[in-house]
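Data block below; observations after.
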Ligand code: G6P
């Protein structure tokens, strides 16, 4: 396949010339289960298009916009199918969101039963659970022949569908493909694509933690070996933190018996060297500031001003078990028990986005957190004060307005790849709010020093940290929030992208 020079760039000011230079001659293809957009239907068809949820979309949206890449994602329902109707002849849909972000999307349309097995049986209840250490191993998981079927007829098949689409999209251009695959849904794809597009460069970024070799042994050998050999089809495997990189190298060594260079961070596989690198993901600080100043966010702030108490604790999360929402409420209950003087003066606002409701564990978790909220509210509420304000909604403008207004931001995941809420919160906040941060969030490596660190399992320690946050002297708060802001600004999404492209460039130069 010949090389051309036609990457058109738009988006973040400052990074475009750099990206243009780095990506010259390449056709960039982002592959992720989730498309970058959520499509909302009205009576006459497609009504609104907003940016999709979750950390992956938040981060990759910047790259996709800036590099004019094609984003291959799964069609997940009626609304996506309605949008596909508007696609051009080659199946590409060009969309602009409410916030004026433009994307080129190509949808994969897997068989619904296969998709259900891939997403609701393997990716989320199995791989997500392993990679966040979510199981109570004495009781779960219970694996049986249905697991093997879900793997073969769901995970393998949908990975193949995505790989086929990558090959099709690559064939449309004379540029050499640069395939940037995302996350745990698509671990098998790189080897499949390499077999058919040997000229492609392949990079995979894993947004979630990489656990120890022993923990991977919970799942059958053919599955865990398939995951590694699929990933080793890449030229570069990117992870969030240096700990994830060490775990990945050890997993290749221990579980597959491969040769590994721990100092150079290389796995030797089938005569190739696969680079394994840490790229701590971040946010588009300029884009965030722009949104924070937008009329839509200001309007949301007026609504907040009408009810906000003297002190506001905030959390913004998907309703995911790894986010540790219930323990957050238990810690708040301890806070109100131990500090009656705070009653009536503080509200804990949980702004949550419904997530993965076709998976049993997620459905019951949502039930559990609603029940915990009701119990704490019943225990402490008065005629004029509701201690927890629980909102299950998907409203980015409201979340940004909330970021601007918190006094304490609680980010207490059990384990988390990075956690972009922590980064978004600290750059938007205007009240010198304090960040209470789990030491098991990837972002702790960068932000821990200026946050109040907690063990996420310890609710007394979390309650104590919330109290310290709410009562800290202004000058200390101001100092901490300045340091946090500077840290995120220095390491924003531009750096995340450029570090990856720099490595790819070095690799290409070899
Ligand atoms: C995390 C994962 C992403 C995922 C997102 C939202 O950020 O790393 O891969 O897209 O959660 O989850 P969902 O299942 O709704 O796509």
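Restricted to segment 199-213, and to residues there that are without any contact (Cβ under 8 Å) to a residue 60 or more places away in the chain and farther than 24 Å from residue 502 by Cβ, the residue that is surrounded by the most Cβ atoms within 10 Å (Cβ to Cβ) is 213. Would it be correct to say that residue 232 is touching a strand residue (DSSP E or B) at 6+ places or on another chain (Cβ under 9 Å), touching a residue at least 40 places away in the same chain (Cβ under 8 Å) and surrounded by fewer than 21 Cβ atoms within 10 Å (Cβ to Cβ)? So residue 232 fails the test.
Does residue 166 satisfy the criteria of being buried (at least 16 other Cβ atoms within 10 Å of the Cβ) and in contact with a strand residue (DSSP E or B) (Cβ under 8 Å, 6 or more places away or on another chain)? Judged against the criteria, residue 166 is a match. Count of segment 348-363 residues, restricted to those that are surrounded by fewer than 19 Cβ atoms within 10 Å (Cβ to Cβ) and farther than 30 Å from residue 467 by Cα, is 5. Across segment 170-189, the number of residues qualifying as buried (at least 20 other Cβ atoms within 10 Å of the Cβ) and more than 16 Å from the ligand (Cβ to nearest atom) comes to 5. For segment 70-83, a residue qualifies if it is closer than 19 Å to residue 205 by Cα and either more than 16 Å from the ligand (Cβ to nearest atom) or at pLDDT below 90 (or both), and exactly one does: 70. Among the numbered conditions (1) more than 16 Å from the ligand (Cβ to nearest atom); (2) in contact (Cβ under 8 Å) with a residue 40 or more places away in the chain; (3) touching a helix residue (DSSP H, G or I) at 6+ places or on another chain (Cβ under 9 Å), the only one that residue 86 does not meet is (3).
Condition check for residue 267 on (1) within 16 Å of the ligand (Cβ to nearest atom); (2) over 22 Å from the mean Cα position of the chain (by Cα): one failure, at (1). Does segment 236-244 include one or more residues that are part of a strand (DSSP E or B), more than 19 Å from residue 156 (Cα to Cα) and more than 16 Å from the ligand (Cβ to nearest atom)? For segment 236-244, residues part of a strand (DSSP E or B), more than 19 Å from residue 156 (Cα to Cα) and more than 16 Å from the ligand (Cβ to nearest atom): present. Please work out if residue 100 is within 16 Å of the ligand (Cβ to nearest atom), free of Cβ contacts under 8 Å to residues at least 40 places away in the same chain and farther than 20 Å from residue 421 by Cα. When the stated conditions are applied, residue 100 does not pass them.
Within segment 393-419, the set of residues being within 13 Å of the ligand (Cβ to nearest atom) and buried (at least 24 other Cβ atoms within 10 Å of the Cβ) comprises 413, 416, 417, 418, 419. Among the residues of segment 487-503, those that are surrounded by fewer than 18 Cβ atoms within 10 Å (Cβ to Cβ), more than 18 Å from residue 61 (Cβ to Cβ) and in contact with a helix residue (DSSP H, G or I) (Cβ under 9 Å, 6 or more places away or on another chain) comprise 489, 502. Those strands (runs of 3 or more DSSP E) of segment 65-151 in which 2 or more residues are more than 19 Å from the chain's Cα centre (by Cα) occupy 92-96, 102-108. Would segment 133-145 turn up any residue that is in the same structural domain as residue 72 (by TED's automatic domain parsing), under 21 Å from residue 186 (Cα atoms) and surrounded by 19 or more Cβ atoms within 10 Å (Cβ to Cβ)? No, the conditions are met nowhere in segment 133-145.
Right, residue 440: in the same structural domain as residue 346 (by TED's automatic domain parsing), without any contact (Cβ under 8 Å) to a residue 60 or more places away in the chain and surrounded by fewer than 18 Cβ atoms within 10 Å (Cβ to Cβ) or not? When the stated conditions are applied, residue 440 does not pass them. Kindly indicate whether any position in segment 52-69 is at pLDDT 95 or above, away from the ligand (no atom under 15 Å from the Cβ) and surrounded by fewer than 22 Cβ atoms within 10 Å (Cβ to Cβ). Within segment 52-69, not a single residue is at pLDDT 95 or above, away from the ligand (no atom under 15 Å from the Cβ) and surrounded by fewer than 22 Cβ atoms within 10 Å (Cβ to Cβ).
The values are calculated or read from the model by the stated rules, or taken from the named source; none is laboratory data. Keep in mind it's a predicted model, so treat the numbers as computed, not measured. Glycine also receives a Cβ, built like all others from the backbone with ideal geometry; neighbour counts cover every protein chain displayed.
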